[in-house]
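In what follows, a structure is listed as structure tokens, so that the remarks can point back to it.
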Amino acid sequence: MGGILVFAELQAGTFTKGSLGLLEAARDAGASLGLTVDAAVCGAIDDGAAAGLGAHGAVTVHVSEGHAFDHAQPVVDAVADLQAREGYRYVLFGASIVGSDAAAGLAVRLDAGLVIDAVELHDEGGSLVTRRSGLGDSVLAHCAFTSAVGVVVVRSNTYAPAEDAAGSPAAVRRSTPALSAHALALRVTGHEAAEQGGVDIGEADVLVGGGRGLGKPEAFALCEALAGALGGAVAATRAVVDAGWYPYASQVGQTGKTVTPKLYIAVGISGAIQHKVGMQGSGTIVAINKDANAPIFDFADLGVVGDLHAIVPKLTELIRARG
Ligand SMILES: Cc1cc2nc3c(=O)[nH]c(=O)nc-3n(C[C@H](O)[C@H](O)[C@H](O)COP(=O)(O)OP(=O)(O)OC[C@H]3O[C@@H](n4cnc5c(N)ncnc54)[C@H](O)[C@@H]3O)c2cc1C
């Protein structure tokens, strides 16, 4: 009773990377707070996959089934039902279309305090205190709850899951929650990608980010070839998205996505703070820039000073040659 519940989001039958990382962060905060961490899963999942969340910190995985859970309201009903039965003190969601909507609905349902855009979780005096980013990431507000239940939406992909996650399998408990009339009042009839050919950069292990240094939109072919050789995807800065060189779905940063790939190669990117906040959690950051004083070199793990037009094709060729 009184523990932490993390919404483990399924997309196309697989847990999102951000959900797994959030579970691990909750486990660490919970260990300090003396609270156990459980996971809430909405939708069809087999026992093995559900129990596997134990490796990321879940003690018990509650699987809600029997409905489509294709929008936020059924998720609110399922999680509210779990909270009523188990008395969770904190309920955590990763930011996503369903996660963010469900968190807002749940907070209203439970009369709970709600923190959105949290980027850190802390134990302060035995209570969970979040850091909420504000004013263009220039300030971090420290937010504690005065309500009986606290609901948190963590910025998407803030926490990357450990590659070598290991732990005992979680206990799996299944239930079919009763849905409210308004949850049943909406049915999602289909999905369509807004931008054709778009890859979800939030889920990619390797990202090659392209910036204004590419010089022209056609030069993104260099990033695409390098990403292809590494089995990754292409990201972009706002400067090139605003210029119409690459789609918004690829934008990383304050007004784009937060990403935590294992490897981020920044090509012709200056490293402005608004870009940095979206990719600084990457495992290894490599920067290719002709200006040795570019800010990106202040936080890159590896820097290459030179003309990207000479370096990137050569690098791609070498990676391809290594198979
Ligand atoms: C409210 C607000 C929100 C913002 N949100 C975002 C956001 O979400 N994401 C984001 O990215 N930005 C965002 N920005 C914009 C941000 O401030 C920067 O303007 C932007 O990130 C710069 O993009 P860039 O690095 O591609 O371009 P530039 O800053 O112009 O950098 C280009 C770099 O390429 C290098 N270069 C040039 N030619 C070559 C060459 N041949 N070989 C190698 N290197 C070369 C240059 O040395 C330079 O460092 C935001 C700004 C504001 C005010």
**OP:** Name the strands (runs of 3 or more DSSP E) wholly inside region 132-191 in which the number of residues that are under 29 Å from Ala204 (Cβ atoms) is 3 or more.
**Re:** 150-154
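Scan region 75-95 for residues that are open to solvent by 30 Å² or more (accessible area, probe 1.4 Å), touching a residue at least 24 places away in the same chain (Cβ under 8 Å) and out of contact with any Phe, Trp or Tyr (no Cβ under 9 Å at 6 or more places or on another chain) and jot them down. If you could, list the steps in order and put the result at the bottom.
Filtering region 75-95 down to residues open to solvent by 30 Å² or more (accessible area, probe 1.4 Å) leaves 81, 84-86, 89, 95.
Still in the list and also touching a residue at least 24 places away in the same chain (Cβ under 8 Å): 81, 86, 89, 95.
Across region 75-95, the qualifying residues are Asp81, Glu86, Ala95.
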Subject >> Residue match in region 46-57 (condition: at pLDDT below 95, in the same structural domain as Pro177 (by TED's automatic domain parsing) and acidic (Asp, Glu)) >> reply: no
Subject >> All positions within region 28-68 that are open to solvent by 20 Å² or more (accessible area, probe 1.4 Å) and in a loop (DSSP other than H, G, I, E, B) >> reply: Gly34, Leu35, Thr36, Ala44, Ile45, Asp46, Val59, Glu65, Gly66, His67, Ala68
Original post:
Are any residues in region 1-18 modelled with pLDDT of 95 or more and not hydrophobic (A, V, I, L, M, F, W, C), and if so, which ones?
Top reply: Gly3, Glu9
Original post:
Of the conditions (1) at pLDDT 95 or above; (2) in a loop (DSSP other than H, G, I, E, B); (3) open to solvent by 10 Å² or more (accessible area, probe 1.4 Å), Ala25 fails just one. Which one is it?
Top reply: (2)
Original post:
What are the pairs, 6+ residues apart or on separate chains, where a residue within region 215-235 that is farther than 15 Å from Ala249 by Cβ and assigned by TED's automatic domain parsing to the domain that holds Ala266 has its Cβ under 9 Å from a residue that is polar (S, T, N, Q) and open to solvent by less than 50 Å² (accessible area, probe 1.4 Å)?
Top reply: Leu222/Thr316; Ala225/Thr316; Leu226/Thr316; Gly228/Thr316; Ala229/Thr316; Leu230/Thr316
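So that you can scan it fast, the table gives a plain yes or no per residue for (1) closer than 25 Å to Ala160 by Cα; (2) modelled with pLDDT of 95 or more; (3) within 8 Å of the ligand (Cβ to nearest atom); (4) crowded, with 21+ Cβ neighbours inside 10 Å:
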residue	(1), (2), (3), (4)
Glu224	yes, yes, no, no
Ala249	yes, no, no, no
Asn293	no, yes, no, no
Asp301	yes, yes, no, no
Original post:
Across region 272-291, what is the total count of residues that are near the ligand (Cβ under 7 Å from one of its atoms) and either more than 25 Å from Glu120 (Cβ to Cβ) or modelled with pLDDT of 95 or more (or both)?
Top reply: 6
Subject >> Criterion violated by Tyr264 - all others in (1) in a strand (DSSP E or B); (2) within 8 Å of the ligand (Cβ to nearest atom); (3) hydroxyl-bearing (Ser, Thr, Tyr) satisfied >> reply: (2)
Original post:
How many residues does region 12-63 contain that are without any contact (Cβ under 8 Å) to a residue 40 or more places away in the chain, among the β-branched types (Val, Ile, Thr) and under 21 Å from Val153 (Cα atoms)?
Top reply: 4
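The values are calculated or read from the model by the stated rules, or taken from the named source; none is laboratory data. Note that the structure is predicted; figures quoted are calculated from it, not measured. Ideal geometry is used to build each Cβ from the backbone, glycine not excepted, and the neighbour counts take in all protein chains shown. Surface areas here come from the heavy atoms of the whole protein model, side chains and all, with no ligands, DNA or RNA. Shrake-Rupley method; radii C 1.70, N 1.55, O 1.52, S 1.80 Å.
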